[in-house]
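The values are calculated or read from the model by the stated rules, or taken from the named source; none is laboratory data. Just so we're clear, the structure is a prediction, and the values are computed from it rather than from any experiment. Note: ideal-geometry Cβ built from the backbone for every residue, glycine included; neighbour counts use all protein chains shown.
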Amino acid sequence: MRIILGLLAAFTAPAFADTDPLLSDPVTIDADNPPGMVELQIPSGDAMMNGHMYLANGAGPHPTVVMLHGFPGNEKNLDTAQMLRRVGFNVLYFHYRGAWGSGGDYSVRNVVADAAAAVAFVRAQGQAGKDRIDPSRVSLFGHSLGGFNALMNGAMDAELACTVAAAPADLVNFVEAADPNTVVSADANVPVPGLKDYSFADLIKETMANKAAFNLQSRMVAFKGRALMIVTAKQDVVVPPEGQQALADAAKAGGADPFRHVVMEGDHGFAWTRVAFNTTVTSWMSEHCR
C-alpha cells in the first residue's frame, strides 16, 4: 500500500504543480486575447515616457499594476511583472522623464508626477476599452525610490486598489543620514548613468529643499482603511531596515487595512530570495488588489 501511494504521489504531484499560476505557464490560452506586450508612449508634463504593458491572458477587463523603478532603475523587477501577469494582472512598466531614453528632465518631483501620469494613462486606456484594462482596479508596485514613489502616490490617490512598496527609501531620513561631504564630492556630482543630467548630489540637494513635501511618515495616515504592503530585506545596506520599519509602524498606527509588513532574507534587490519575494508579493496582491 505504501508503494502504491508513493507512486500515486509521484505521478500526481507534478500535475498539481503544473497548474500553479505563480510558477507555471497558463494551462489554456485565449486564442482571441492571448498574453502579449504592447509598446507605449505615455504623456507626462511636456514630454513622452517610454513604456510597455504586459497583457494578461483573456479578454478581461483585468486589474492592472503600474510598476515604479528605483534610482536610477537598473533593477527592473520584470520577473515580478511576469508573475503578476500569470495570475491575471496587466502590468505597465515605464521609465520616468529624463530616465533611460524617455523625454523631459529627471527630478524627484517629476518622478512623483510621472507615476500619477502613468496611473491616469492606464485609467484612460481602460475607459476607452483598450488593453483589456479595468480602470477601477489599478494598483502600484514600487522598489527602492520606486517604493518611495508608490507610497507618495498611494497616499495621494485613494482610488488605487492597493499599494506595494519593496525596500522603500524614505528619502528624507536616507539623505539626512548620508555623509554631508557627499554633496561636494566629485563622484557624487557626476550625472548618474541612465539619467539626464542628474547626479546623486542633485538627489540630496532636491530632497533637502523639499523635506516637508517628501516626508513619508506623515503621509502614512492616508492609508487608513486601504490595502498596503511593505516588504523589507534583512540584509539591505542601501536602504536600512530600520527606516522601513519606521514607515511600517506609521502605516500600522495610521490604520492601513489590510496591511502587511514582510521582513525576509535578502539584499536591497532581494537577489537570493527572488522566488520567495515574487511569490509573497504576488500572492498578497492576488488577494487584496483585485
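Evaluation of Arg2 against the conditions (1) farther than 25 Å from Met285 by Cα; (2) modelled with pLDDT of 90 or more shows that the sole unmet condition is (2). Evaluated against (1) surrounded by fewer than 16 Cβ atoms within 10 Å (Cβ to Cβ); (2) at pLDDT 95 or above, Met208 falls short on exactly one condition, (2). One residue stands out among those in region 154-193 that are polar (S, T, N, Q) and more than 24 Å from the chain's Cα centre (by Cα): the one that is nearest to Gly266 (Cα to Cα), which is Thr182. Sub-6 Å Cβ pairs linking a first residue in region 172-198 that is touching a residue at least 60 places away in the same chain (Cβ under 8 Å) to a second residue that is among the aromatic types (Phe, Trp, Tyr) and buried (at least 16 other Cβ atoms within 10 Å of the Cβ), at least 6 apart or interchain, are Gly194/Trp100; Leu195/Tyr106; Lys196/Tyr106; Tyr198/Tyr106, ordered by first then second residue. Consider region 41-55 and keep the residues that are under 20 Å from Arg109 (Cα atoms) and touching a Lys or Arg at 6+ places or on another chain (Cβ under 7 Å). The one that is surrounded by the fewest Cβ atoms within 10 Å (Cβ to Cβ) is Gly45.
I need the helices (runs of 4 or more DSSP H) fully contained in region 181-290, keeping only those with at least 2 residues that are touching a Lys or Arg at 6+ places or on another chain (Cβ under 7 Å) and not hydrophobic (A, V, I, L, M, F, W, C).
Numbers: elements: 200-209, 241-254, 274-288.
Once the helices (runs of 4 or more DSSP H) in region 181-290 are filtered for at least 2 residues that are touching a Lys or Arg at 6+ places or on another chain (Cβ under 7 Å) and not hydrophobic (A, V, I, L, M, F, W, C), what remains is 241-254.
Total residues in region 56-84 satisfying the condition of being of a type in the set (Ser, Thr, Tyr) and surrounded by fewer than 22 Cβ atoms within 10 Å (Cβ to Cβ): the figure is 0.
Within region 259-280, the set of residues being of a type in the set (A, V, I, L, M, F, W, C) and surrounded by fewer than 16 Cβ atoms within 10 Å (Cβ to Cβ) comprises Val263, Met264, Ala271, Trp272, Val275, Ala276. For Ser283, the conditions (1) surrounded by 18 or more Cβ atoms within 10 Å (Cβ to Cβ); (2) touching a residue at least 60 places away in the same chain (Cβ under 8 Å) all hold with the exception of (1).
Return the only residue of Thr182, Thr163 being polar (S, T, N, Q), modelled with pLDDT under 95 and under 19 Å from Gly70 (Cβ atoms).
So the residue among Thr182, Thr163 that is polar (S, T, N, Q), modelled with pLDDT under 95 and under 19 Å from Gly70 (Cβ atoms) is Thr182.
When region 223-235 is filtered for residues that are surrounded by fewer than 19 Cβ atoms within 10 Å (Cβ to Cβ) and farther than 27 Å from Thr273 by Cα, the ones remaining, listed by number, are Lys224, Gly225. The residue that is nearest to the chain's Cα centre (by Cα), counting only those in region 47-70 that are more than 14 Å from Ala118 (Cα to Cα) and part of a loop (DSSP other than H, G, I, E, B), is Gly70.
If the requirement is being farther than 28 Å from Asp79 by Cβ and at pLDDT 95 or above, which of these qualifies: Met229, Met220? Reasoning before the result, please.
Details: Met229 fails: farther than 28 Å from Asp79 by Cβ.
So the residue among Met229, Met220 that is farther than 28 Å from Asp79 by Cβ and at pLDDT 95 or above is Met220.
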